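Contents: one structure, followed by commentary.
The values are calculated or read from the model by the stated rules, or taken from the named source; none is laboratory data. Note that this is a predicted model, so its numbers are computed, not measured. For neighbour counting, all protein chains shown are included, and Cβ atoms are generated from backbone atoms with ideal geometry for every residue, glycine included.
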Amino acid sequence: PESSADREERLDRLAALRKEAIGCRRCPHLASFRSQVVFGVGNPNARLFFAGEAPGAEEDRLGEPFVGPAGKLLTRMIEAMGLQREDVYIANILKCRPDLPEGAPGNRKPTPEEMETCLPYLREQIGIIRPEVIVALGATALEGLTGLRKGISALRGSFLDFQGIPLLPTFHPSYLLHKPDLRLKRQVWEDLLLVMERLHLPI
Ligand code: URA
């Protein structure tokens, strides 16, 4: 069992890291394009950590990860597990929205350089929170945390390892929105059930 001093220390370390990230200008393009840094949200003592890719337009506007259409689906996934967003922690590989040409719609994937530059923040967040399970949402999060490039279809369905923490890759919610395929939804639900089992959540 954890003491309240441990919890306090966790809060302090996360706050200090957030402060550092908020002022970060390591990627000049991203720093001038973003409207704000999207550090992460949730319970500093979370047992479950969701790692995503990068902020989109809504996240950039509101300063919170997964609040756009994909985020609404992620929230439903969390609730289907019997949890609330406030119970888990949610953060992305990239804390800034990838820049686009003026007026261009949509999003772009982070470059390998951007991922390398920003990853220390996510690694540190995981190191502070020390969750019991990490869910990597999509191939970018999977690759960032494990270096594995085989993709979600090949690697979902069983746990990998991130620094001693079981990591389960599954499809990104925005992929589910763009590819409405019953089989994919079944697979994601299977993955979430594995996580619930691992955390001894009521099924
Ligand atoms: N997609 C992500 O990967 N992260 C977000 O925060 C929003 C959408």
Residues to consider are D87, D99; find the one that is more than 9 Å from the ligand (Cβ to nearest atom) and in contact with a Gly (Cβ under 8 Å, 6 or more places away or on another chain).
D87
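Regarding E79, is this residue crowded, with 17+ Cβ neighbours inside 10 Å, acidic (D, E) and modelled with pLDDT of 95 or more? Please lay out each step first, then the result.
On the way: crowded, with 17+ Cβ neighbours inside 10 Å: no; acidic (D, E): yes; modelled with pLDDT of 95 or more: yes.
Considered against the rule, which asks whether it is crowded, with 17+ Cβ neighbours inside 10 Å, acidic (D, E) and modelled with pLDDT of 95 or more, E79 comes out as no.
Against the condition more than 13 Å from the ligand (Cβ to nearest atom), surrounded by 18 or more Cβ atoms within 10 Å (Cβ to Cβ), on the phi < 0 side of the Ramachandran plot and assigned to a loop (DSSP other than H, G, I, E, B), how does A21 come out, does it pass? Working first, answer last.
Values: more than 13 Å from the ligand (Cβ to nearest atom): yes; surrounded by 18 or more Cβ atoms within 10 Å (Cβ to Cβ): yes; on the phi < 0 side of the Ramachandran plot: yes; assigned to a loop (DSSP other than H, G, I, E, B): no.
Considered against the rule, which asks whether it is more than 13 Å from the ligand (Cβ to nearest atom), surrounded by 18 or more Cβ atoms within 10 Å (Cβ to Cβ), on the phi < 0 side of the Ramachandran plot and assigned to a loop (DSSP other than H, G, I, E, B), A21 comes out as no.
Kindly establish whether A70 is assigned to a helix (DSSP H, G or I), buried (at least 23 other Cβ atoms within 10 Å of the Cβ), small (G, A, S) and within 12 Å of the ligand (Cβ to nearest atom). I'd like the intermediate steps shown before the answer.
Working: assigned to a helix (DSSP H, G or I): yes; buried (at least 23 other Cβ atoms within 10 Å of the Cβ): yes; small (G, A, S): yes; within 12 Å of the ligand (Cβ to nearest atom): yes.
Yes: the conditions hold for A70.
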The range 83-112, subset surrounded by fewer than 22 Cβ atoms within 10 Å (Cβ to Cβ) and touching a residue at least 60 places away in the same chain (Cβ under 8 Å), residue farthest from E58 (Cα to Cα)
L83
Filter result (under 30 Å from A5 (Cα atoms), within 9 Å of the ligand (Cβ to nearest atom) and part of a loop (DSSP other than H, G, I, E, B)) within the range 29-65:
V38, E64, P65
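How many of the residues making up the range 99-151 are more than 21 Å from L14 (Cα to Cα) and in contact with a His (Cβ under 9 Å, 6 or more places away or on another chain)? Reasoning before the result, please.
Taking the range 99-151 as the starting set, the residues that turn out to be more than 21 Å from L14 (Cα to Cα) are 99-114, 137-140, 142-143, 146-151.
If we keep only those that are in contact with a His (Cβ under 9 Å, 6 or more places away or on another chain) too, we end up with 99, 114, 137-140.
Residues that pass the stated criteria total 6.
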